[in-house]
1. So, in Å, what gap is there between the alpha-carbon centers of segment 75-110 and segment 634-655?
2. Please identify every one of the chymotrypsin sites (Phe, Trp or Tyr not before Pro) in segment 145-181 that sits in a loop by DSSP and has no more than 13 other beta carbons within 10 Å of its own beta carbon.
3. Under a point spin-label approximation (7 Å from Cα along Cα-to-Cβ), what is the VAL154-THR526 distance to one decimal in nm?
4. Assuming R0 = 56 Å, what is the FRET efficiency of LEU517 and LEU470, from their Cβ-Cβ distance, to the nearest 0.05?
5. For PHE326, tell me the accessible area in Å² from a 1.4 Å probe, rounded to the nearest 10.
6. What percentage of all Cα-Cα pairs in segment 1-50 are separated by more than 12 Å?
7. Please list 3J(HN,Hα) in residue order for segment 283-292, calculated via the Karplus relation 6.51 cos²θ - 1.76 cosθ + 1.60 where θ = phi - 60°; whole Hz, with x for glycine and proline.
8. If you rank ARG52, ARG89, ARG96, ARG116 by how much accessible surface each has, with a 1.4 Å probe, what is the order from largest down?
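The values are calculated or read from the model by the stated rules, or taken from the named source; none is laboratory data. Remember, it's a predicted structure, so these values are computed and weren't measured experimentally. As a convention, Cβ positions derive from the backbone with ideal geometry for all residues, glycine included, and neighbour counts pool all protein chains shown. SASA here: full protein model, heavy atoms, side chains in, ligands and nucleic acids out. Shrake-Rupley method; radii C 1.70, N 1.55, O 1.52, S 1.80 Å.
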Amino acid sequence: MGRIRILPDAVANKIAAGEVVERPASVVKELLENSLDAGARELRIDVERGGRRLIRVADDGAGMLRDDAMLAFERHATSKLADVKDLTRIATLGFRGEALPSIAAVSRLVLETRAREEATGTRVEVAGGKLLRCEEAALAGGTVVTVRDLFFNVPARKKFLRSEQTELAHIASLATHYSLAHPDKSVRLSHGPKTLLDVTPVETLRDRLFQVFGSRTMSDLVELTPRRTELALPPKHLDPEAEPETKIYRLTGFVSKPQVQKLNRNSIFVFVNRRLIRDRLMLHAISSAYHNLIPPACFPFVLLFLECDFDEVDVNVHPSKTEVRFRHGSFVHDFVRDAIRQELIASRPASSIPAGAIARPPASTGQPGARLPFSEFTQRLEDFRTVEAAADPAEPSAAVQPVEDLPEFVLHPPPPPAARLDFGAASLPVEEPPPPVLKLAVPETHGPLPVGAAPAEPLSLSALAELRPLGQIHDSFIVAAGPDGLWIIDQHVAHERVLFEQVLRQQAAGRLEKQQLLLPMVLDLTPAQQAEYARIAEDLHGMGFETEPFGARSIAVKAAPAAVPAGDVEKLVFEILEIREGELRKLSLDDLRRAMAASIACHAAIKVNTRLDPSKMEWLLAALAATECPMSCPHGRPIALRYATRDILRGFHRV
Ligand code: ADP
Ligand code: MG
């Protein structure tokens, strides 16, 4: 008696319908998921020509019984579901019973499989959905699925495939992330003769991240302290004796420090019960966690694993099974947001000064199985996606690199950033540069540590409290000595962070200090500003402004937050009235308040090109150390750079 059954219509009809095979990566995804569901510990993926010519996934899992091997190619044939009730608590990655028939319909597929309990295996050959052969074969335990010539019989689909390297990048991303979700398994991905990924079982996710991305990436990441939370649900039946039901959620993973700023969401990976998902709710929770830590249009690198009861999440929403619906969405949202934010605040990660002068190309370049720093990997993926967006599918773009360049995914490190702080000028521009310019903080240009060097010191801003200010560079940056190295602190953004938190605190307590202006300031507003003023007048009041309408198109400002110099008040008011024109249009009132506080802090903060005496510097460092997030200003720029003792020693060739 086989394990696979054809789902009854009643169940089949409840399954989110649609095509699963869009591109080579979707084939890899379905086959990998099948192998994982079969309990495999070793997964091998071979592809040729970006998966167009060949995709082969081999596993050492449970294998299929003889009768099942053919049945698996029927629609809705699965061993994973039995009745409708199972659909509400899906514990396996697959459940639709459609992947194998769908793939076999658009390719030449060979299935070779042997169940542990049978002495011989089975070989099934299907092309374009037609069964060509089914025979007994001497095979090792486990399953090998070989898919050749994808879309050979669907030219229209074939035309829409992107370049080989784009398709390969999708496959590589998928394999990498499934390998991260399963540190206890071996995963190997080869493209033709080249190995892109080859990882052996390890104990922890940290070890796996290290295997895949190397130590440089690890220094960009903060590990989440594993968290657990409970959700008490009222009893289902109105029985006074019934116990409330408790749902347990667990969260683990890694998130990037604020200085890692990605331009898109491609580096955010969320797994729910080890299933890779794309979910707007989760993305929103992550963005909220980084709110005011990184600039609004930037994204972090995130690898999250949420575990919960299977019936807390509905995965039967979309055929690709990557969209999910949480039964208690806002609870999950807040749990994830708070966990990440608290971790970032608690670990207070500092930026390090790129040791450009001593950077060397990675020694591992070109070695098979060499590690791929995630920044480069994800950057590479981003490049692919950009190319993909730009390229005409019918015409391979000249910008696309030959596929031979791809396999190791190990690139030379980017050149050290040009010295962006040009101290040649007599004074620094007071106009603040847009955030991306301050890439100075991204520690991507670190050379690898010499073998045997001291392990990386944790970069933590807790050391700020012990710093001894030595002086200023260009009256703008405080130089300070600390037990763990040399620090440079941007005095303007440091003060901005201090004031930002102070303004929010005072505002929450309803006692924001204000100053009366000698003469009311009359400001003419555009129609859009008038509309905005009408909307936020009350919040302006809460922020320490006293304003009132003055004629049809003007307002009079009579008082402003005490810290803001009178000369800045006009600019500040206009800035606040324009917040909604920018990125915050759709955001909440709370976001608006934060944006206002950020504007106030920016105008009130010590400017660059301002001489500070030692006691003022000491005060500022102490005040910064006491803030919740001393690592980045409310606009997301880094505040402090550290030149670690280790790097100083290295620079002087003492290690
Ligand atoms: P689903 O995964 O939704 O059940 P599929 O079409 O992907 O549907 O697979 C059909 C069935 O074939 C599975 O339920 C499983 O019993 C069997 N199967 C597929 N791939 C494997 C594999 N690698 N190892 C063991 N069994 C497999
Ligand atoms: Mg499946």
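1. 52
2. Values: sites: PHE151, PHE152, PHE160, TYR178; in loops: PHE151, PHE152, PHE160.
In loop regions of segment 145-181 (DSSP not H, G, I, E or B), the sparsely surrounded chymotrypsin sites (Phe, Trp or Tyr not before Pro) are PHE160.
3. 4.9
4. Efficiency, rounded to the nearest 0.05: 0.90.
5. 20
6. Values: 927 of 1225 pairs.
Value for segment 1-50: 76 percent of Cα pairs lie more than 12 Å apart.
7. Values per residue, Gly and Pro as x: 4, 5, 4, 5, 4, 5, 5, 9, 4, 6 Hz.
8. Working: ARG52 65, ARG89 115, ARG96 10, ARG116 135 Å².
Descending order: ARG116, ARG89, ARG52, ARG96.
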